[in-house]
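The structure appears right after this line, and notes come after that.
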Amino acid sequence: NPSGLDPSALVVQPIHPVFTMGSGASSCKDELAKCSVEDLTKMMKDMSPEDMAKVKEAVSGACKPKLFDFKSGLPDCCTSNPDNYKCVAEMCGARLVEMTLGPGQEDRPHDHPNHSMYVIAGGKLCITPYNEEGKPAGEAHEVELPTGAPPIMPPGAHQVKNVGDTEVKIIFVEPTLELKACAEQPDFVSPLEAVPDCYKKLAEDDLWFTGCMTMAVGMEDKPHSHRDHLLYVLEGESLCIYPGKEKGDKKMEMQIKPCAALAVPAGDHIVQNTGSKDIKIIFFELKK
């Protein structure tokens, strides 16, 4: 034995059949689907830490629902560009995404469903459209997005570059394949009608409306209703929510801050600004 090692001291880890068809999580998931519960139990008794990690990754991936079904074959924005597109809040059937693109930055090609936007910090972008085959199609074009604009974008694939001198920050809501219609709400009173001084509609399509809620320090609004919605705080410090159609003893106090995001289920409530700063919140609410 020229190596000087004692062969009896060597331990060779067995390779489980589940990993013989490839080393990635996707191939592991395919093989796992073929195994019975008894087979998995036997394999896990003496599975190495590396193999166990692959199993956990595969199982985690299998449990995640499919969000989109793009004809282009391109990934969604958060998958393709995790540093620039972040899911900041989600509910069943929709997610709120925050996009940040610095001067000179260019993202990777990705696809979108129809999405409603709000521009937090505007700037100049260059957009290259992609076709249903996932290839560049047509000429790139520049667009100037002003701060506070609420554009609604059609579905489609593209690539975006910030050709301006300032950071661009945009939030937008994307419906997923799981989205379902809201349940009927008796005696629904829209905040746009109940408290028009506080709630304004900025834009709408058949599915969502983009709203802006502003509330001065100490102000309390009137009872109103909401369907499922996603919100994003631009300004504010704290608020108190009284659930129901009348103000009672039950309440929920919340600390808020800029860039905080939240998914809010359908219901009725009253809101009071209990902080020392005015509140400004952008929200995307389902219409049906």
Self-check item: Test: Gly164 is under 30 Å from Ile281 (Cβ atoms), under 21 Å from the mean Cα position of the chain (by Cα) and open to solvent by less than 30 Å² (accessible area, probe 1.4 Å)
Solution: no
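Quick test for you: out of Thr214, Thr210, pick the one residue that is open to solvent by 40 Å² or more (accessible area, probe 1.4 Å) and at pLDDT 95 or above. Break it down stepwise before answering.
Working: Thr210 fails: open to solvent by 40 Å² or more (accessible area, probe 1.4 Å).
Criteria check complete, one pass: Thr214.
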Quiz item: With respect to Pro223, is the statement that it is at pLDDT 95 or above, of a type outside the set (Gly, Ala, Ser) and under 26 Å from the mean Cα position of the chain (by Cα) true?
Solution: no
Practice problem: Name, by its number, the condition in (1) modelled with pLDDT of 70 or more; (2) exposed (fewer than 15 other Cβ atoms within 10 Å of the Cβ); (3) not in a loop (DSSP other than H, G, I, E, B) that does not hold for Val88. | Solution: (2)
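A quick yes/no check of all residues on (1) at pLDDT 60 or above; (2) not charged (D, E, K, R):
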{"residue": "Gly22", "(1), (2)": "no, yes"}
{"residue": "Lys29", "(1), (2)": "no, no"}
{"residue": "Asp39", "(1), (2)": "yes, no"}
{"residue": "Glu50", "(1), (2)": "yes, no"}
{"residue": "Lys64", "(1), (2)": "yes, no"}
Exercise. Could you check how many residues of the stretch 78-94 are over 19 Å from Leu262 (Cβ atoms) and touching a residue at least 12 places away in the same chain (Cβ under 8 Å)?
Key: 4
Self-check item: Residue ID - most open to solvent (accessible area, probe 1.4 Å), chosen from residues in the stretch 94-142 that are assigned to a loop (DSSP other than H, G, I, E, B) and within 26 Å of Lys200 (Cα to Cα)
Solution: Asn114
Practice problem: Could you name every one of the strands (runs of 3 or more DSSP E) located completely within the stretch 198-288 that has at least 1 residues being β-branched (Val, Ile, Thr), touching a residue at least 12 places away in the same chain (Cβ under 8 Å) and out of contact with any Leu (no Cβ under 9 Å at 6 or more places or on another chain)? | Solution: 208-215, 238-243, 267-273
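The values are calculated or read from the model by the stated rules, or taken from the named source; none is laboratory data. Just so it is clear, the model here is predicted, and its values are computed rather than measured. Note that we place each Cβ from the backbone using ideal geometry, even for glycine, and neighbour counts take in every protein chain shown. What goes into the accessible areas is simple: the full protein's heavy atoms, side chains included, and nothing from ligands, DNA or RNA. Shrake-Rupley method; radii C 1.70, N 1.55, O 1.52, S 1.80 Å.
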